[in-house]
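The values are calculated or read from the model by the stated rules, or taken from the named source; none is laboratory data. This one's a predicted model, so the numbers in the text were calculated from it and none came from an experiment. Cβ coordinates were reconstructed from backbone atoms using ideal geometry, including for glycine residues, and neighbour counts include every protein chain displayed.
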Amino acid sequence: MRVSVIYPGIGGKGFHSIGQGMDSGWISHGVAILTACAQRAGHEADLIDLRALRDWDHLREELAARRPEVVAVSMMSVDYDPALQCLEIVREVLPRAVTMVGGPHPTIMPEELDENPHIDHVFLGEGEDTFPDALDRLARGETLPRLIPSETHPDLEQVPLAYHQLFVDEWRRQGYEVTSPEAPFVPELPPPFVTVIAGRGCMYNCSYCQPAERAIFGRKVRRRSVANILEELRILQERYHFQSFMFHDDCLTEDREWVVEFCRAYTAAGFTQPFFCQSRADIIVKNEDMVALMAEAGLRGYFIGFESGSDRVLRFIRKGTKREQNLAAGRICRKYGISIWANYMLGLPTETQEEVLETISMLKELDPDYYSPAFYTPHPGSDLYTYCVENDLSLIRDHGSYRRNPDEAKIKGIDYEWLTWALEESQRRTLRNRVRRQVRYLWGRYAHPVKAYHKIVRLITRRDRPQATATQEG
Ligand code: B12
Ligand code: SF4
């Protein structure tokens, strides 16, 4: 079959926005893998990335030129409106094409897509097995059911590697001069920058996330072997000479054994590129030796879901961490020179202003390198979403508002004017922190030359100085 897979993620930066930050600068691993699966099964699969197009008419032109027999759209909840608009346009331009949707939103809320006349098939869960299988069956002239659940979770060792080049080629085809496969986002991670995923699933049970995450990836966490991920890094090195990378895994560090094996093998294989990954405060505190090993291997930053500085709120959202652990995790990161990307939420249901102030005071003490605040946004499929619906708390009226950005009211009864002040205050560094950061910066910048100067002076002035060997010099 001839299939076009559409990535409709224009909710963040809109059309014609490739390279603009994470939302428009990163590939979708789901799309890159599914396209590779379809190709491996012998189908002709290409990509349409709405972010690279000019407007809806440009999509019409692309569809008319490519004339795919099947159009498959991947969608998160925030992508609902552009995804449906795509499907309507597909019907208009290619009335005979078979249309499919899959991804987090269809998996979690298939009922929302039930009646839609522009959609032929709705896939639930991971698509590595079901998607190529459906294409095979269509090619044989078979009829498919409307709802196609995935009964199995694919063996990640067998899944094709995410095909970064699919996106790079398509972006170039649309006139973008892409110099890095994915847009870097912090100075610690220089370009060329790439993202990888070592596993799927998460063993934790945060109420603002679960059980939606399990609905997609299942209960059991699956991780690719270290050899498999190193092979991917080797390919990415060969192809893009990447200078830094990042793991997208929900919580890579929950798997201590894997991380330790990876760090040793990464270094032994000669990789030195810095990387970021996600972690949790409790894991960092309980595994300082692992953190040290990661830092030695090249870890430069953790994304940490601190979420709140109030122990009551942390219990309410079932985070499984405490304020004191959040602070201790920050201290450990500092000790090993690991940047902190702080994810936190303001405006959770039941949260009082005093509790928000606790989050602010925690952040002042943490002094993270990057602030990533959200106004709590109920996400479909999570227990806290159900709580908000049952208690009639949600102010979300359209899918675009599932974006967590702190710029609109999400929950009834919350004073968003005050919360906007709290948002700004949470990111205001104290004078003490500003001075400490400046000192750290100057130390990092000039300490090495100063140390080297002293070393040379010592060597020159020592009479019994040892002969320099190749290793000492090298
Ligand atoms: C990396 C990531 C990002 C990156 C890159 C996004 C991208 N281009 O993929 C960035 C930072 C940009 C991002 C942004 C956002 N993200 Co995000 N992100 C992730 C993360 C951590 C990994 C995504 C991934 O690659 N997964 C692995 C791949 C293999 O899985 P997949 O893409 O879901 O695809 C599989 C299946 O879903 C299915 N499938 C997918 N599409 C299709 C299509 C067909 C036809 C078929 C058959 C099957 C199918 O098969 C695929 C292979 O198994 C996930 C969490 C997670 N673990 O998945 C959250 C996640 C997807 N993000 C989420 C959210 C909420 C957001 C934001 C809204 C956050 C915000 N700013 O408010 C934005 C929205 C971006 C947009 N579209 O405009 C939610 C989505 C929830 C939902 N109900 O939609 C998730 C699930 C996190 C969570 N637990 O809340 N995100
Ligand atoms: S929020 Fe993170 S740690 Fe918590 S369940 Fe979801 S993916 Fe796991």
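Of these, ILE317, ILE304, ILE332, which one is buried (at least 22 other Cβ atoms within 10 Å of the Cβ) and over 19 Å from LEU357 (Cβ atoms)?
From the options ILE317, ILE304, ILE332, the qualifying one is ILE304.
Starting from segment 408-426, keep only residues that are basic (Lys, Arg), then list their pairs with residues that are in a helix (DSSP H, G or I) whose Cβ atoms are within a distance under 9 Å, requiring at least 6 positions of separation or different chains.
Final answer for the pair search is LYS410/CYS388; LYS410/SER401; LYS410/TYR416; LYS412/CYS388.
Does segment 259-297 hold any residues that are within 16 Å of ligand 1 (Cβ to nearest atom) and either in a helix (DSSP H, G or I) or in contact (Cβ under 8 Å) with a residue 60 or more places away in the chain (or both), and which are they?
Within segment 259-297, PHE275, PHE276, ARG280 meet the criteria.
Condition check ((1) at pLDDT 95 or above; (2) within 24 Å of PHE185 (Cα to Cα); (3) outside the structural domain of LEU419 (by TED's automatic domain parsing); (4) buried (at least 22 other Cβ atoms within 10 Å of the Cβ)) across all residues:
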{"residue": "LEU327", "(1), (2), (3), (4)": "yes, no, no, no"}
{"residue": "ILE338", "(1), (2), (3), (4)": "yes, yes, no, yes"}
{"residue": "TYR344", "(1), (2), (3), (4)": "yes, yes, no, yes"}
{"residue": "THR359", "(1), (2), (3), (4)": "yes, no, no, yes"}
{"residue": "GLU365", "(1), (2), (3), (4)": "yes, no, no, no"}
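Only one residue in VAL71, VAL31 is at pLDDT 95 or above, assigned to a helix (DSSP H, G or I) and either away from ligand 1 (no atom under 15 Å from the Cβ) or surrounded by 20 or more Cβ atoms within 10 Å (Cβ to Cβ) (or both). Which one?
Selected residue: VAL31, the only one of VAL71, VAL31 that is at pLDDT 95 or above, assigned to a helix (DSSP H, G or I) and either away from ligand 1 (no atom under 15 Å from the Cβ) or surrounded by 20 or more Cβ atoms within 10 Å (Cβ to Cβ) (or both).
Specify the residue that is nearest to ARG256 (Cα to Cα); the eligible residues are those in segment 198-219 that are more than 6 Å from ligand 2 (Cβ to nearest atom), crowded, with 16+ Cβ neighbours inside 10 Å and without any contact (Cβ under 8 Å) to a residue 60 or more places away in the chain.
Ranking the candidates gives GLY199 first.
Could you list all residues from segment 85-118 that are among the hydrophobic types (A, V, I, L, M, F, W, C), touching a residue at least 24 places away in the same chain (Cβ under 8 Å) and within 14 Å of ligand 1 (Cβ to nearest atom)?
Once the filter is applied, which keeps residues that are among the hydrophobic types (A, V, I, L, M, F, W, C), touching a residue at least 24 places away in the same chain (Cβ under 8 Å) and within 14 Å of ligand 1 (Cβ to nearest atom), segment 85-118 yields CYS86, LEU87, VAL90, ALA97, VAL98, MET100, VAL101, ILE108, MET109.
Could you check how many residues of segment 40-64 are crowded, with 18+ Cβ neighbours inside 10 Å and without any contact (Cβ under 8 Å) to a residue 60 or more places away in the chain?
Residues meeting the conditions: 6.
Can you name every residue in segment 315-337 that is touching a helix residue (DSSP H, G or I) at 6+ places or on another chain (Cβ under 6 Å) and either in a loop (DSSP other than H, G, I, E, B) or more than 21 Å from TYR204 (Cβ to Cβ) (or both)?
The answer is THR321, LYS322, TYR336.
Could you check segment 382-410 and list, in sequence order, the residues that are in a loop (DSSP other than H, G, I, E, B), in contact with a Lys or Arg (Cβ under 9 Å, 6 or more places away or on another chain) and within 13 Å of ligand 1 (Cβ to nearest atom)?
Those that are in a loop (DSSP other than H, G, I, E, B), in contact with a Lys or Arg (Cβ under 9 Å, 6 or more places away or on another chain) and within 13 Å of ligand 1 (Cβ to nearest atom): ILE396, ARG404, LYS410.
Would you tally the residues in segment 249-258 being charged (D, E, K, R) and either over 23 Å from PRO184 (Cα atoms) or assigned to a helix (DSSP H, G or I) (or both)?
4
I want to confirm something. Restricting to segment 242-258 and keeping residues that are over 15 Å from ARG300 (Cα atoms) and touching a strand residue (DSSP E or B) at 6+ places or on another chain (Cβ under 9 Å), which single residue is farthest from ligand 2 (Cβ to nearest atom)?
PHE242
Looking only at segment 91-104, filter to residues that are at negative phi and surrounded by 24 or more Cβ atoms within 10 Å (Cβ to Cβ); which one of those is farthest from ligand 2 (Cβ to nearest atom)?
Looking at residues that are at negative phi and surrounded by 24 or more Cβ atoms within 10 Å (Cβ to Cβ), I get MET100.
Kindly provide the set of residues from segment 2-16 that are crowded, with 19+ Cβ neighbours inside 10 Å and more than 14 Å from MET75 (Cα to Cα), ordered by number.
VAL3, SER4
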